[in-house]
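In what follows, a single structure is set out as structure tokens and then discussed.
The values are calculated or read from the model by the stated rules, or taken from the named source; none is laboratory data. Predicted model only: the values in this text are computed from it and were never measured. FYI the Cβ positions are ideal-geometry reconstructions off the backbone, even for glycines, and counts take in every protein chain you see. Just so you know, the surface numbers come from the protein's heavy atoms only, side chains and all, with ligands and any DNA or RNA stripped out. Shrake-Rupley method; radii C 1.70, N 1.55, O 1.52, S 1.80 Å.
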Amino acid sequence: MAHFKKKRGGSKQEVPTSAMPDVVFMLLFFFMVTTVLREVTLKVRVNLTQAENIEKIEQKRLLSYVYIGPERLPGNQLGEDKVQIDDAIVDDIGAIRNLMYDKLREQPKLIVSLRVDESSEFGLLTDVQEELKKASAFRINYSTRREP
Amino acid sequence: MLLKKRERESAEINGSSMADIAFLLLIFFLVTTTINVDTGIGLVLPPPLQEDQEPPPIKERNLMNILVNSEGRVLMDDQPYQLTDVKERLKEFIDNPTNDPNLSESPDMAIVSVKTQRQTPYRIYVDMLDEVMGAYKELRDAASRSNYGVPFGALQDNSPQYEQITDMYPKKISIAEPGDS
């Protein structure tokens, strides 16, 4: 019986790991750059609705968010519909005009992104829109999710 | 002379744990990151009317009144429609291929007015608006395909072709003040 001995390469069977930190760092930088830490704590519930014909907003710098939805109360309860801008709930609808006017002065190309809960009533939204009109913040965007 | 024997420690920083540190940071950012692109329905609000200013005159045939009540029932120019039929009807109204005297004179003169009630849930309102947007998107797509052979979405923003299509179908949507009943 003839034995054939397989010739094996003399090289070691290990994957060189010396480049691993570099690879990991590269990934790390990627995620550090793309990450957006949540900047506001939501005081209202916002379950976005879905739509089909939607557009993407590429320039996030232009965006300013207005949240509308039922207020979150302690103990997992929901209150009445409220408007939240930045970090605070705005009780006086008339104050939105000044808030938006200031934002518009900082960013003349402002787009107001309205993040409205799907069950909120249209009435409050239209009041907010009237205020936006008076503040001359005309570009708005109804935030929705893509329909699956 | 006494020669002190010193064990020379190597002057290098031990780099073997670097990968671990990097991994830890990586995992942190992986968990906290949200690559969410904001999507939504864009709209441009009209400037508010002055007190003494009359609304500009619009020919009746160029205006499509859409009423949605809080239960999601739809009236288009006083005719009841299903939400799923709205898009087709709108495309017919805007494009008016048969030159019907009751439909819009030309696509760029057509105005779609959406009116709803204060009690209407936001979901129903957005569904309605979505249909209107869908009608315009399909019309623009069709025009872009027949003129340039590419869908509208493939045209460069603010390019002459883009401008021409948006001039053809300018997407005039008016959100009316909500009624109470």
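Here are some notes:
- Counting only heavy atoms of the protein chains and using a 1.4 Å probe, B:Thr39 has close to 20 Å² of accessible surface.
- Selected from B:Ile111, B:Ile165, B:Ile94 as most flexible by GNM, with chain B as the system and alpha-carbon contacts under 10 Å: B:Ile165
- Multiplying the residue separation of B:Gln161 and B:Glu51 by 0.36 nm and removing their Cα-Cα distance gives an extension gain of 35.7 nm.
- In nm, spacing of pseudo-spin labels at B:Asp108 and B:Asp78 (7 Å Cα→C-beta vector): 3.2
- Projected label points at B:Ala11 and A:Ile89, each 7 Å from Cα along the beta carbon direction, are separated by 6.4 nanometres.
- With a Förster radius of 51 Å applied to the beta-carbon distance between B:Thr98 and A:Gln13, the computed FRET efficiency rounds to 0.10.
- Residue range of chain A that is longest and free of GluC sites (Glu not before Pro) which are both DSSP loop and sparsely packed (at most 14 other C-beta within 10 Å): A:59-148
- Residue range of chain A that is longest and free of trypsin sites (Lys or Arg not before Pro) which are both DSSP loop and sparsely packed (at most 12 other C-beta within 10 Å): A:39-108
- Relative to the longest principal axis of the Cα atoms of chain B, the long axis of helix B:86-95 makes an angle of roughly 70 degrees.
- Annotation: the antiparallel percentage among DSSP beta bridges lying fully within the protein assembly as shown is about 55.
- Largest to smallest principal axis extent of the C-alpha atoms in region B:132-177, angstrom: 39, 18, 14
- Nearest 10 degrees, 0 to 90: helix A:95-106 Cα axis against chain A principal axis: 50
- Low-density loop cleavage sites - trypsin sites (Lys or Arg not before Pro) in region B:30-129, where at most 13 other Cβ are within 10 Å (DSSP): B:Lys59, B:Arg73
- Candidates B:Ile175, B:Ala22, B:Val126 compared by Cα position along the dipole of chain B: farthest toward the positive end lies B:Ala22, with charges placed on Cβ.
- Rough spin-label spacing in nm, given labels placed 7 Å along Cα→Cβ, for B:Ile27 and A:Gln59: 4.1
- Candidates B:Gly153, B:Gly134, B:Gly15, ranked by Gaussian network fluctuation over chain B, Cα under 10 Å, top entry: B:Gly15
- For chain B, Kirkwood radius (reciprocal of mean inverse C-alpha pair distance, Å): 21.0
- Neighbour cut-off at most 13 other Cβ (10 Å), DSSP loop, GluC sites (Glu not before Pro), region B:98-150: B:Glu105
- With every protein chain in place and a 1.4 angstrom probe, the accessible-area ranking of A:Met20, B:Met128, largest first, reads A:Met20, B:Met128.
- Region B:84-181: relative contact order as a whole-number percent, Cα under 8 Å and 6+ apart: 39
- For region B:99-108, Karplus couplings with θ = phi - 60° (6.51, -1.76, 1.60), whole Hz, Gly/Pro x: 6, 5, x, 8, 9, 5, 5, 8, x, 7
- Computed per residue of chain A from DSSP H runs no shorter than four, each worth -39500 (n - 2.57), the mean residue ellipticity at 222 nm is -8500 deg cm²/dmol.
- Nearest 10 degrees, 0 to 90: helix A:20-34 Cα axis against chain A principal axis: 10
- Counting Cβ atoms of other protein chains within 10 Å of each Cβ in B:102-115 and taking the mean gives 0.
- From helices alone, chain B scores -11000 deg cm²/dmol at 222 nm; the rule is -39500 (n - 2.57) for each run of n ≥ 4 DSSP H residues, then divide by the residue total.
- Among the residues of B:166-172, the average count of other protein chain beta-carbon atoms within 10 Å of the residue beta-carbon is 0.
- Largest GNM mean-square fluctuation among A:Val128, A:Val15, A:Val46, using chain A with Cα springs under 10 Å: A:Val15.
- Legend: Rg and Dmax of chain A, from Cα coordinates, 26.0, 98 Å.
- Residues in region A:70-80 carry Karplus couplings, in order, of x, 5, 8, 9, x, x, 6, 10, 10, x, 7 Hz; the curve used is 6.51 cos²θ - 1.76 cosθ + 1.60 with θ = phi - 60°, and Gly or Pro positions show x.
- Across peptide A:26-32, the mean count of Cβ atoms from other chains lying within 10 Å of each residue's own Cβ comes to 6.
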